[in-house]
Amino acid sequence: MKGMMVLSVSQGRQRGAAKTRIAGEQRWEEIVEAAAKIFSQKGYEATSLQDIANTVGILKGSMYYYFKNKEDLLFELVQRALAAHQPSLVEEPEVAAAPAPVRLRAFIRRWMALNRKQRLWRGVAESEFSRLRGKRLKEVIAERDKFSAFAKEIIEQGMRDGDFDSGVDPSVVTSTLFELMNTTPRWFKPSGRLSYVELADWYATFFIRGLGGSDELAAAASSESA
């Protein structure tokens, strides 16, 4: 009987610890979500920890249990946005072996689909990441460069294969592409003329033709990467 009582007390403590951990994780998520919304509305510089605490419904002092400062919150948001876009670097075997126009359209579709799911985090990450300092900023830039390098390689493939104009600057094109895609969450409205999927295809056609690809190439890329 005594052994059973000890076991019961132990189990009770474990359940209590589990509940505390879950509650802490939920609060963490509430703070992160609140920060994303307020950063999006007011901007990083104009947002205070008090603003975030008020939104969550906790004392400002309680915030320090989860984050040391406002930059910690921004870094968390940027990291989440970058991690959420990692699948954009994964190509199906048939797409990886396809001509550059097909690969480019497929990449734009993947990126825009992920943008749509993470509109809030993506918007904040893109507009405010430069507020980070030192090692954190370098880490974020290094991660961002992986995505740019992937898209740039596709464009360079198209130039080598004769699908794209060899006179374009792939770095400029890549920067322009990401600027266009990453600012979309700021202004896109679901009630607009184009859906997010249709907009992604419009972007792809725009860039394929702008790179010197023919209408036939653009149309073929659309059907093959669908």
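The values are calculated or read from the model by the stated rules, or taken from the named source; none is laboratory data. Bear in mind the structure is a predicted one, so any value in this text is a computation, not a measurement. As a convention, Cβ positions derive from the backbone with ideal geometry for all residues, glycine included, and neighbour counts pool all protein chains shown.
For every residue, the table says whether it meets (1) exposed (fewer than 14 other Cβ atoms within 10 Å of the Cβ); (2) modelled with pLDDT of 95 or more; (3) closer than 22 Å to Ala200 by Cβ.
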{"position": "Arg119", "(1), (2), (3)": "no, no, yes"}
{"position": "Val124", "(1), (2), (3)": "no, no, yes"}
{"position": "Leu132", "(1), (2), (3)": "no, no, no"}
{"position": "Val140", "(1), (2), (3)": "no, no, no"}
{"position": "Gln157", "(1), (2), (3)": "no, yes, yes"}
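Among the listed residues Arg110, Arg103, Arg131, Arg160, which satisfies the condition of being of a type in the set (Lys, Arg) and under 13 Å from the mean Cα position of the chain (by Cα)?
Arg110
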Legend entry - Residue count, region 174-204 (criterion: free of Cβ contacts under 8 Å to residues at least 60 places away in the same chain and either surrounded by 18 or more Cβ atoms within 10 Å (Cβ to Cβ) or at positive phi (or both)): 1
Inset, instruction - Test each condition in (1) surrounded by fewer than 19 Cβ atoms within 10 Å (Cβ to Cβ); (2) assigned to a helix (DSSP H, G or I) for Trp111 and report the one that comes out false. - result: (1)
Inset, instruction - Can you give me the number of residues within region 114-145 that are outside any helix (DSSP H, G or I) and among the hydrophobic types (A, V, I, L, M, F, W, C)? - result: 1
Inset, instruction - Using the structure shown, decide if Ser62 is in a helix (DSSP H, G or I), surrounded by fewer than 21 Cβ atoms within 10 Å (Cβ to Cβ) and not assigned by TED's automatic domain parsing to the domain that holds Ala149. - result: yes
Inset, instruction - Can you confirm whether region 38-47 contains a residue that is assigned to a loop (DSSP other than H, G, I, E, B) and either among the β-branched types (Val, Ile, Thr) or free of Cβ contacts under 8 Å to residues at least 24 places away in the same chain (or both)? - result: yes
Legend entry - Criterion: hydrophobic (A, V, I, L, M, F, W, C), surrounded by 13 or more Cβ atoms within 10 Å (Cβ to Cβ) and modelled with pLDDT under 90 - qualifying residue of Ala53, Ala81, Ala35, Ala23: Ala81
Inset, instruction - Take region 65-105 and flag every residue that is β-branched (Val, Ile, Thr) and either assigned to a helix (DSSP H, G or I) or in contact with a strand residue (DSSP E or B) (Cβ under 7 Å, 6 or more places away or on another chain) (or both). - result: Val78, Val95, Val102
